[in-house]
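Novice: Structure in structure tokens, see below.
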Amino acid sequence: MAGSWWMCCRRLNGGFTTSGLTETLRCFSGQSAYSSASPTARPSWSSAPGKERPLFPAQLHSKALNLNPSLLRRRSSSLYPTLRYCGCRTTHSDAKLRDPFTLAQKDLTSLYDDIKKELFVAKTELKYLCDYYFDGRGKAIRPIIVILMARAMNIHSNRAGDLLPGQRTIAMISEMIHTASLVHDDVIDGSDERRGKKSINDVWGERKAILAGDFILSAATMALARIGNSAVVKVVSQVIEDLVRGEFMQLGSKENENERFKHYLEKTYKKTASLMAHSCKAVSILVNSDPEVHEIAYQYGKNVGIAFQLVDDVLDFTSGAELLGKPAAADLKLGLATGPVLFACQQFPELHAMIMRRFSSKGDVDRAWQYVLQSDGVQQTTYLARRYCEEAIRQISRLRPSPERDALIRLTEIVLSRDK
């Protein structure tokens, strides 16, 4: 079993013939690489008539992530009929995809001002701490995804494209939960820089930083309760549980290398993708009663979220501190083995011992850095991110065409090509 993840991804780089991919995906799933699911669950690349189509690696991780893909296997009359078989490569290759940032700009303009209103407190210092990261300097990728998904879902459900008040609140909540998690992460990691400026814990100390993060989170939950939809409350509440579980997973490691990669992907889902997935699902619940439509929104958010974090892990090795707004090699210095390191292990077994001691010995960080750059770990992680983005495109392509749907497709390209 040693090296199976690495060998699988190397085979994926070699091409996409049906026979080669069959063998590759058996490595990922430990079972048959073909699905007997309905046509709506088939992948989006073209294949010869009469031949079965293989599953995406992203789908094959669903069992490890405790996700239920059964909803994707059912056909639904509510799905846009002409899109059931559409492929991300053929359908959208000539389409003029809309810029997601431009489309979401109107709703983003006052988003941070409204968040600050949610965080209003009489005590000046606490208010300043809470407002510190809501300065518009972040990527705002989460509220952008939520806004575009909400509009795409509204159009798919034969409504006007404008956001419902509850949907806009979920976009705000997604950014508030994310920001609260950053404040707490910086305390746990002892980070002194965030978004190109000093972290809250570095300026005001750990105690006040923890309280600020807690206050932001409490304000988010109050806004969530005001939406008044119990299904939405349940879905978004799952995000907070996943964040905590993901942080605990990050504190540990696995000796077995195959379990280690599974552990890494599950941690990535819980810490990053869960927020995107459940926020997308929440806005769909507010406008559509079909569980399969909810699942489309969820799967898009999940796959884009995992891809986003995989790219983030790559940038830790390829982008400078000036672009990232945080120190390079930060993950290694924290003792974390991300995708590029796990793939590099197959070419440089010396990394296994370093991973188990969390790069704590003198020279470990520098040696691990060099091993990763000498390996194809960065390329393999980038390729895996691309596969998740392709699955996200396949999912969102099942919705009725709209500028917002196409912007969500365009967003996957931006996720893959970003440099910070």
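The values are calculated or read from the model by the stated rules, or taken from the named source; none is laboratory data. Just so it is clear, the structure is predicted and the values come from calculations on it, not from any experiment. No Cβ is skipped: glycine too gets one built from the backbone with ideal geometry, and neighbour counts run over all protein chains shown. Just the protein is used for accessible areas: all its heavy atoms, side chains included, with ligands, DNA and RNA removed. Shrake-Rupley method; radii C 1.70, N 1.55, O 1.52, S 1.80 Å.
Novice: Could you count how many residues in the stretch 167-179 are farther than 13 Å from LYS281 by Cα and either out of contact with any Phe, Trp or Tyr (no Cβ under 9 Å at 6 or more places or on another chain) or open to solvent by 10 Å² or more (accessible area, probe 1.4 Å) (or both)?
Specialist: Matching residues across the stretch 167-179 total 6.
Novice: Okay, next question. Please find, within the stretch 330-346, the residue that is farthest from GLU247 (Cα to Cα) out of those that are open to solvent by 10 Å² or more (accessible area, probe 1.4 Å) and assigned to a loop (DSSP other than H, G, I, E, B).
Specialist: GLN346
So that you can scan it fast, the table gives a plain yes or no per residue for (1) within 23 Å of GLU295 (Cα to Cα); (2) open to solvent by less than 60 Å² (accessible area, probe 1.4 Å); (3) part of a loop (DSSP other than H, G, I, E, B); (4) at pLDDT below 85:
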site: LEU65; (1), (2), (3), (4): yes, yes, yes, yes
site: ARG89; (1), (2), (3), (4): yes, no, no, yes
site: SER93; (1), (2), (3), (4): no, no, yes, yes
site: LYS139; (1), (2), (3), (4): no, no, yes, yes
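Novice: Still on this structure, I have one more. Can you name the residue in the stretch 247-288 that is among the small types (Gly, Ala, Ser) and modelled with pLDDT of 95 or more and is also surrounded by the most Cβ atoms within 10 Å (Cβ to Cβ) among such residues?
Specialist: Only one residue tops the list, namely ALA282.
Novice: Listed residues VAL203, VAL183; which is open to solvent by less than 20 Å² (accessible area, probe 1.4 Å), of a type in the set (Val, Ile, Thr) and on the phi < 0 side of the Ramachandran plot?
Specialist: VAL183
Novice: While we're on this one: Output the residues belonging to the stretch 392-413 that are out of contact with any Leu (no Cβ under 9 Å at 6 or more places or on another chain) and either open to solvent by 30 Å² or more (accessible area, probe 1.4 Å) or in a helix (DSSP H, G or I) (or both).
Specialist: ARG394, THR412
Novice: Please work out if GLU295 is of a type in the set (Asp, Glu), within 29 Å of ASP186 (Cα to Cα) and either part of a helix (DSSP H, G or I) or in contact (Cβ under 8 Å) with a residue 24 or more places away in the chain (or both).
Specialist: no
Novice: Right, LEU416: open to solvent by 40 Å² or more (accessible area, probe 1.4 Å), among the aliphatic types (A, V, I, L, M), touching a helix residue (DSSP H, G or I) at 6+ places or on another chain (Cβ under 7 Å) and assigned to a helix (DSSP H, G or I) or not?
Specialist: So LEU416 fits the description; yes.
Novice: Another question, if that's okay. If VAL121 meets every condition in (1) of a type in the set (A, V, I, L, M); (2) more than 24 Å from THR272 (Cβ to Cβ); (3) assigned to a helix (DSSP H, G or I) apart from one, which number is that one?
Specialist: (3)
Novice: Let me ask another. Can you tell me how many residues within the stretch 347-369 are β-branched (Val, Ile, Thr) and open to solvent by 20 Å² or more (accessible area, probe 1.4 Å)?
Specialist: 1
Novice: Quick check, is SER181 in contact with a Lys or Arg (Cβ under 7 Å, 6 or more places away or on another chain) and either assigned to a helix (DSSP H, G or I) or at pLDDT below 95 (or both)?
Specialist: So SER181 fails the test.
Novice: Oh, and also: Let me confirm something: among ILE155, ILE147, which residue is open to solvent by 20 Å² or more (accessible area, probe 1.4 Å), touching a helix residue (DSSP H, G or I) at 6+ places or on another chain (Cβ under 9 Å) and outside any loop (DSSP other than H, G, I, E, B)?
Specialist: Going through ILE155, ILE147 in turn, the sole match is ILE155.
Novice: Further, regarding this structure: Taking the stretch 184-199 as the region of interest, how many residues are part of a helix (DSSP H, G or I) and either of a type in the set (Asp, Glu) or in contact with a Gly (Cβ under 8 Å, 6 or more places away or on another chain) (or both)?
Specialist: Going through the stretch 184-199 one residue at a time, the tally reaches 5.
Novice: List pairs: first residue in the stretch 110-122 and more than 12 Å from THR179 (Cβ to Cβ) and charged (D, E, K, R), second residue open to solvent by 30 Å² or more (accessible area, probe 1.4 Å) and not in a loop (DSSP other than H, G, I, E, B) anywhere in the structure, Cβ distance under 9 angstrom, at least six positions apart or on different chains.
Specialist: Once the first residue is more than 12 Å from THR179 (Cβ to Cβ) and charged (D, E, K, R) and sits in the stretch 110-122, its partners that are open to solvent by 30 Å² or more (accessible area, probe 1.4 Å) and not in a loop (DSSP other than H, G, I, E, B) give ASP114/ARG168; ASP114/THR169.
Novice: Please state which one of VAL378, VAL372 is touching a Pro at 6+ places or on another chain (Cβ under 7 Å), open to solvent by 10 Å² or more (accessible area, probe 1.4 Å) and not charged (D, E, K, R).
Specialist: Exactly one residue qualifies, and that residue is VAL378.
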